[in-house]
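Below is one structure, written out as structure tokens; the observations come after it.
The values are calculated or read from the model by the stated rules, or taken from the named source; none is laboratory data. The shown structure was predicted, so the numbers you read here are calculated from the model rather than taken from an experiment. Backbone-built Cβ (ideal geometry, glycine too); neighbour counts: all protein chains shown. The area values use the complete protein model at the heavy-atom level, side chains included, leaving out ligands, DNA and RNA. Shrake-Rupley method; radii C 1.70, N 1.55, O 1.52, S 1.80 Å.
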Amino acid sequence: MCKVYAFILLLAVFVVAESHGYKGKRKGGKGGKGSHHYFNVSENALFTWEQAEGYLECEEFLDVPDFDQATKEKLADNFDERGYFRKQPKPRPLEKCCSDWECAPSLNSTSPGCGFQTRTLYSGNWVTTHLDLTGKDAFSQAIRRIHKYRRGEANSLKEYLGKARPVMRKWYLDANYNITSATMSFYIPSPYQRDPPASLDKDVKVEQWGEVDTYIRAWGGSRDVAGYWPQSGQEFEYLSTALSKVDIKWYPYVRMTGSYVGRKELLLLSKDITVTPITGKNPDHKFENE
């Protein structure tokens, strides 16, 4: 079974590596309304894997498969500078992601070990909704609710707010590390950050997050690949292993995933994020879905 899975995974990587197409990004600065354009996947070739991921990967998480020369040539983009084969596409560097979109304010610092990036996520205002873990379309339902808020259909100003990155998903775990609940959050763009409009949807909350140190692994593949799963995915195991190697403690009952254009991230936290509900601008209203 492991060999079958490995073959399927390698086949998927081959398709991505051979692709010279484009992945979605928006044009027009900081997330202008209705202004889609794209980034070329081949631009990632300009960056080393360490630059793209934001850290030096631990050698014990990597391998050198015994491919024949023809296969090595076809999968050349998936070999890093040290000769290790990568089972996922190279993620887009964070600075490139944030050159096209506004990103939540943060500060990267030098990590004391391999396999993760250390980043301080500064305090800021976010809009959040729950994820229905029992439903088949939990993600799409959550996105629709939040998009109504940012588009002006469900905020008290009735104004389009724009869009910023990342899209954050927070997964809450019990003592046995099973997921019990989850939320999706969007960072409120800077023109509305200081005084965001109130939500007109009772299932969408405006809240302030406190500052927190985060430990991050970058992911260039699809969020549907098993390795990215927040409960049992191998990438979170790698992250916890890398932190343990340098005696870093993390809060064990929350896992987060963040999405940028061309880049996804897995996050563990130094502590649980302090969340303060805020009423928002023009709060004298009734919820439209009451």
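Remarks
- Some residue of segment 165-183 being touching a Lys or Arg at 6+ places or on another chain (Cβ under 7 Å) and outside any strand (DSSP E or B): no
- Candidate set from segment 149-164 (those that are outside any strand (DSSP E or B), touching a strand residue (DSSP E or B) at 6+ places or on another chain (Cβ under 8 Å) and in contact (Cβ under 8 Å) with a residue 40 or more places away in the chain); member that is surrounded by the fewest Cβ atoms within 10 Å (Cβ to Cβ): LEU157
- Residue count for segment 112-148, restricted to those that are more than 19 Å from the chain's Cα centre (by Cα) and in contact (Cβ under 8 Å) with a residue 60 or more places away in the chain: 3
- Long-range neighbours under 9 Å by Cβ, at least six apart or interchain, first residue at pLDDT 90 or above and open to solvent by less than 60 Å² (accessible area, probe 1.4 Å) within segment 52-69, second among the basic types (Lys, Arg) and part of a loop (DSSP other than H, G, I, E, B): ALA52/LYS90; ALA52/ARG92; GLU53/LYS90; GLU57/ARG82; GLU57/ARG86; LEU62/ARG82; LEU62/ARG86
- Residues of segment 231-256 satisfying the condition of being farther than 15 Å from ALA175 by Cα, over 15 Å from the mean Cα position of the chain (by Cα) and either among the acidic types (Asp, Glu) or open to solvent by 50 Å² or more (accessible area, probe 1.4 Å) (or both): GLN234, GLU237, THR241, SER244, LYS245, ASP247, LYS249
- Candidates ARG144, ARG92, ARG119, filtered to the one that is of a type in the set (Lys, Arg) and either within 18 Å of LYS205 (Cα to Cα) or surrounded by fewer than 18 Cβ atoms within 10 Å (Cβ to Cβ) (or both): ARG144
- Conditions (1) modelled with pLDDT of 90 or more; (2) touching a helix residue (DSSP H, G or I) at 6+ places or on another chain (Cβ under 7 Å); (3) basic (Lys, Arg); number of the one not met by LYS74: (1)
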